[in-house]
Amino acid sequence: MTRALVTGGAGFLGRRLSTRLLEEGYEVVVLDNLSSPSPLGSPAGAEFVEGTVVDPPDLPGPFDRIYHLASPASPPRYLQDPIGTLRTGAEGTRSMLELAEAHEARFLLASTSEVYGDPTEHPQREEYTGSVQVTSTRACYDEAKRYAEALTYAFRRQGRVLDTRVARIFNTYGPGMAPDDGRVVSNFVNQALAGQPLTIYGDGSQTRSFCYLDDLIDGIWQLSNSDVVDPVNLGNPEEMSMKELATTIAEEIADTGIDYLPLPESDPSRRRPDISRAQQRLGWEPQVGLAEGLPPTIAYFRSLIDG
Ligand SMILES: NC(=O)c1ccc[n+]([C@@H]2O[C@H](COP(=O)([O-])OP(=O)(O)OC[C@H]3O[C@@H](n4cnc5c(N)ncnc54)[C@H](O)[C@@H]3O)[C@@H](O)[C@H]2O)c1
């Protein structure tokens, strides 16, 4: 039996990834400090250990694979504790790489499109070195992930963890997200369901590209089974402005109007993955567009309200 550790496994993506690993025949251990768990709870069938990756408790190995997802992931969460976010990316990633070294495990890092900052290149290819403003409030997250990537490649170069993978994840949504996690899809859907106006920061012309949960988990699974050690963008290239997203959600739920608020500092103006590498080297591309992915997501948020 193969055995995997999923850090952040009680969260939105980690929970679904753990379920997938269990379906694929893995034994799964989840390490999570429950700072931002999914409302659906820790994945059934996985062994749950509460604790932080920064100073991890004893973990029931051996491990063949470590999927390292633990991190504050949405702006309200990481802006609440910038030092903790940097420590999670730096010290937490180091401790998980050391664990991978001890177990000779394959290590996959959940990185992010935020390593590209407010991009001057569009769409973003993995070769793009990014444009992060190091003094900005968002830098605690962006730089933590950039450091985590650099550390992963350093462990590899020094021969300490030979089997590494790096997924650069772009905005992902779907059932299992926390309604209050502060990301735009959950914000808009929950505001519309509550009959409140949708909050748009700036003029709503900034774009994002939204990937459905199941597609993303397929991408992580395929990347972790591949021999691709270069970073790989995983996301859906279907790009839309925040205004278009608001209109789509109003059509799906109800037109509750829009409140415009000032744009936060360093908010990326455009974001769309170039997924050629994932297409060519993993044979992966997303299958679910927003039109198919929104209804189950809305139904999920509605079920949380209805109890
Ligand atoms: N969902 C996205 O759109 C997206 C995009 C880019 C990158 N990512 C990355 O994917 C990973 C998972 O994100 P998510 O969307 O599931 O977020 P999430 O907040 O739902 O899950 C993160 C999980 O990590 C746990 N956690 C946080 N700090 C921890 C620590 N120090 N020790 C142990 N556990 C800790 C939280 O309790 C939570 O369960 C994160 O690393 C995030 O940066 C997500």
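The values are calculated or read from the model by the stated rules, or taken from the named source; none is laboratory data. Predicted model only: the values in this text are computed from it and were never measured. Using ideal geometry, Cβ is built from the backbone for each residue, glycine included, and neighbour counts are taken over all protein chains shown.
May I ask you to list the residues in the range 153-179 that are touching a helix residue (DSSP H, G or I) at 6+ places or on another chain (Cβ under 8 Å) and without any contact (Cβ under 8 Å) to a residue 40 or more places away in the chain?
Of everything in the range 153-179, just one residue is touching a helix residue (DSSP H, G or I) at 6+ places or on another chain (Cβ under 8 Å) and without any contact (Cβ under 8 Å) to a residue 40 or more places away in the chain, namely Leu162.
Could you list all residues from the range 70-126 that are under 25 Å from Glu265 (Cα atoms), charged (D, E, K, R) and either within 13 Å of the ligand (Cβ to nearest atom) or modelled with pLDDT of 95 or more (or both)?
Arg77, Asp81, Arg87, Glu114, Arg125, Glu126
I need the full set of residues from the range 136-150 which are at pLDDT 95 or above and away from the ligand (no atom under 14 Å from the Cβ), in order please.
Here is the first cut: in the range 136-150, the residues at pLDDT 95 or above are 139-150.
Scanning the range 136-150 gives Ala139, Ala150.
Can you name every residue in the range 17-27 that is surrounded by fewer than 24 Cβ atoms within 10 Å (Cβ to Cβ) and either within 13 Å of the ligand (Cβ to nearest atom) or touching a residue at least 12 places away in the same chain (Cβ under 8 Å) (or both)?
The first filter runs over the range 17-27 and keeps only residues surrounded by fewer than 24 Cβ atoms within 10 Å (Cβ to Cβ), leaving 19-20, 22-27.
Passing the criteria: Thr19, Arg20, Leu22, Glu24, Gly25, Tyr26, Glu27.
Identify all residues within the range 101-148 that are crowded, with 16+ Cβ neighbours inside 10 Å and basic (Lys, Arg); write none if there are none.
Arg106, Arg138, Lys145, Arg146
Picking from Pro262, Pro273, Pro268, Pro237, which residue would you name as being of a type outside the set (A, V, I, L, M), touching a strand residue (DSSP E or B) at 6+ places or on another chain (Cβ under 8 Å), surrounded by fewer than 20 Cβ atoms within 10 Å (Cβ to Cβ) and at pLDDT 95 or above? Reasoning before the result, please.
Numbers: Pro262 fails: at pLDDT 95 or above; Pro273 fails: surrounded by fewer than 20 Cβ atoms within 10 Å (Cβ to Cβ); Pro268 fails: at pLDDT 95 or above.
Residue meeting the stated conditions: Pro237.
Residues of the range 239-294 being β-branched (Val, Ile, Thr) and in a helix (DSSP H, G or I), which ones?
Those that are β-branched (Val, Ile, Thr) and in a helix (DSSP H, G or I): Thr247, Thr248, Ile249.
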